[in-house]
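Laboratory data are not the source of any read-out in this text; all were calculated from the coordinates shown. Owing to the predicted nature of the structure, the values given are computational and were not obtained by experimental measurement. Ideal geometry is used to build each Cβ from the backbone, glycine not excepted, and the neighbour counts take in all protein chains shown.
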């Protein structure tokens, strides 16, 4: 695939993926406002946007998805970079602007990303190969553990009930 088209396909993928999540949020709001028909419309179009995103991703998948070891290494590097380089800047800006809620969510994400990087690193060293049966994911901040869900999330303090099992 030629470079400009590849870039455009990737941009389209990102746009459709964003639309999917935005429309799900709109559907949730419509449900809260007791407008079920509009919520249904938003969910249906969100599903269509997911189809578009998947189609676009499939066009560039060979360029983005490599062998598992490479994917692990790339994921480790990305999580480490995001937690160490990108989120600190986002936190600093939010704090400077007095946006404490944004600063808190950025801090939670930064800390959770650091844990993600550690899990990827363990996978790279084959520490978790064939031993993990499920992960526990905090639905408040995104912290992930391969152990039993803790009483309280170490990142955001959410109770055990806020964890979702991924098997």
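Once every DSSP H run of n ≥ 4 in the chain is given -39500 (n - 2.57) and the sum is divided by its residues, what mean residue ellipticity at 222 nm do you get, rounded to the nearest 500 deg cm²/dmol?
Calculated from helices alone, the mean residue ellipticity at 222 nm is -22500 deg cm²/dmol.
Expressed as cubic angstrom per residue, what is the convex hull volume of the alpha carbon set of the stretch 105-151? Each step should come with its number before you reach the end.
On the way: hull volume 3.0 nm³, N = 47.
Given the Cα convex hull of the stretch 105-151, per-residue volume reads 64 Å³.
Arranged by the count of other C-beta atoms within 10 angstrom, fewest first, what order do 83, 55 take?
With the fewest neighbours first, 83, 55 line up as 55, 83.
Could you check the simple spin-label distance between residue 167 and residue 11, using points 7 Å along Cα→Cβ, in nm with one decimal?
4.4 nm
On average over all directions, what projected area in square nanometres does the chain have, based on the convex hull of its Cα atoms?
Numbers: hull surface 50.3 nm².
Average of the hull's projected areas for the chain equals 12.6 nm².
Taking N as the number of residues in the stretch 75-121, what is its alpha-carbon radius of gyration divided by 2.2 N^0.38 Å?
1.16
I need to check one value: relative contact order of the chain, counting alpha carbon pairs closer than 8 Å and at least 6 residues apart, in percent.
15 percent
For the stretch 68-166, state the average projected area of the convex hull of the C-alpha atoms over all orientations, rounded to one decimal in nm².
The orientation-averaged projected area of the Cα hull of the stretch 68-166 comes to 6.4 nm².
Would you please give the FRET efficiency between residue 48 and residue 71, computed as 1/(1 + (r/R0)^6) with r the Cβ-Cβ distance and R0 = 30 Å, to the nearest 0.05?
Values: r = 28 Å, r/R0 = 0.94.
About 0.60, to the nearest 0.05.
When the Debye formula is applied to the Cα atoms of the stretch 3-64, each taken as the same point scatterer, what base-10 log of I(q)/I(0) results at q = 0.12, 0.23, 0.25 Å⁻¹?
-0.35, -0.80, -0.88
Before anything else, pin down the relative contact order of the stretch 68-166: Cα pairs under 8 Å, at least 6 apart, normalised by residue count, whole percent.
For the stretch 68-166, the relative contact order is 25 percent.
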